[in-house]
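What follows is a short report on a single structure.
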Amino acid sequence: MTNFYKTAKWKLKRANVLRRDEYLCQECKRYGKSTLATTVHHIFPLEHYPQYGMKTSNLYSCCATCHNSFHDRDSHELTDKGMKLLERMRKQIED
Ligand SMILES: [Zn+2]
């Protein structure tokens with residue numbers, strides 16, 4: 001899956017998602033903060049849900065701080081915060 005992020009398809013998708021989200025961290029936005037998004041997060045992790053890898057509704061622009069808060073630094077598994085985001089968005093992603 002390491003090559004996924006190098007594909008032209010992903011780079012285009014990522015650019016489109018950042019544009020959709022107006023280049024703002026969607027998590028900071030929930031708290032009324034305007035922070036530049038630098039990362040596109042897979043809400044359902046790519047590693048476990050490759051079928052959602054390119055699904056626009058599974059993609060979420062965020063800043064580095066918020067992205068780090070969604071993944072455990074060591075295991076890379078979702079944190080409680082990452083799981084909460086997944087549960088909040090599950091319905092629209094699975095539709
Ligand atoms: Zn943020």
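The values are calculated or read from the model by the stated rules, or taken from the named source; none is laboratory data. Note that the coordinates shown come from a computational prediction; the quantities given were computed from them, not determined experimentally. All Cβ positions, even for glycine, are placed from backbone atoms using ideal geometry, and neighbour counts span all protein chains on display. The protein model used for the area step is the full one, side chains on, heavy atoms only, and it has no ligands, DNA or RNA in it. Shrake-Rupley method; radii C 1.70, N 1.55, O 1.52, S 1.80 Å.
Odds and ends about this structure:
- Surface accessible to a 1.4 Å probe, per residue, for the residues of region 8-94, Å²: 61
- Under DSSP loop assignment and at most 13 Cβ neighbours within 10 Å, longest trypsin sites (Lys or Arg not before Pro)-free interval of the chain: 34-72
- Measuring how big the chain is from its alpha-carbon positions, Rg and Dmax come out at 12.5, 35 Å.
- SER61 long-range amide H proximity, modeled H, under 5 Å: GLN26, HIS41
- Under 13 Å from the Cα of LYS84 - aspartates and glutamates, other chains or at least 8 residues apart: GLU27
- Label-point gap, in nm, between LYS91 and THR56 - each point 7 angstrom along Cα→Cβ: 2.1
- Of all stretches in the chain that contain no GluC sites (Glu not before Pro) in a DSSP loop with at most 13 other Cβ atoms within 10 Å, the longest one is 48-76.
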